[in-house]
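Read the structure below first, then the notes.
Derivation of every value follows stated rules applied to the coordinates shown; laboratory data play no part. Computed from a predicted model, the values in this text were never measured in an experiment. Positions of Cβ are backbone-derived with ideal geometry, glycine not excepted, and every protein chain shown enters the neighbour counts.
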Amino acid sequence: MPRTKIRYIKCPRCGNMWKPNEVEPIKTWHLIAPFPDKDGRITVTVMAVWHCPKCGATVRGVYSKIKVGADVDIKGKNRTKMLIEILNSSSMISLEQLAERFKVNINTIRKAVEYLIKTGKVKGVIQGNVFKKLS
């Protein structure tokens, strides 16, 4: 069973600590690892900016991470394979539906689908917030 690291955000001014999902972030953005890990997975890191609930200082840190590629398991089934199956089985699907199903941010699912399109694992385009399969 893989270990999960509990990450806390620490205010540099007052030392107050909180979990990333306990305080609403002001802004989020995505960073994509330039190289895959030894298993061929790409890491998408969601960064965020918060205001410290105690002193109001601006704090930047990691909101969440997701690995896209081979060997990422969710309840015994590979998430990437599940995503590829869903995208290949439907002619059109909303990214919002996919994000809800995989319990990730819509921008994270967008990056994952863009990666799958770029690597040729699925054939399609993203128009707005909708994936459309190409024949």
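At a glance:
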quantity	calculated
Region 42-61-region 99-135 distance, computed between alpha-carbon centres (Å)	26
I26-M92 pseudo-label distance in nm [points 7 Å out on the Cα-to-Cβ vector]	4.0
Whole-number percent relative contact order across region 72-135, with pairs defined as alpha carbons under 8 Å at least 6 apart	35
Integer Hz, Karplus 6.51/-1.76/1.60 couplings in order for region 53-69, x for Gly and Pro	x, 8, 10, x, 5, 7, 10, 10, x, 7, 8, 6, 9, 9, 9, 10, x
Relative contact order (%) - criterion: Cα under 8 Å, at least six apart; region: the chain	17
For the chain, with +1 on Lys and Arg beta carbons and -1 on Asp and Glu, the positive-most of M82, G120, C55 along the dipole	C55
For region 11-135, projected area of the alpha-carbon convex hull averaged over all directions, nm²	8.9
G69 long-range amide H proximity, modeled H, under 5 Å	I42, T80
Distant alpha-carbon pairs in region 72-135 (separation over 16 angstrom), percent	37
Region 1-68: Cα Rg divided by the 2.2 N^0.38 Å rule of thumb	1.27
FRET efficiency estimate (nearest 0.05) - Cβ-Cβ, K38 to V130, R0 35 angstrom	0.50
Using θ = phi - 60° and Karplus 6.51 cos²θ - 1.76 cosθ + 1.60, couplings along region 37-48 (whole Hz; Gly, Pro as x)	7, 5, 8, x, 8, 9, 9, 10, 9, 9, 9, 8
Nearest 10 degrees, 0 to 90: helix 106-118 Cα axis against the chain principal axis	40
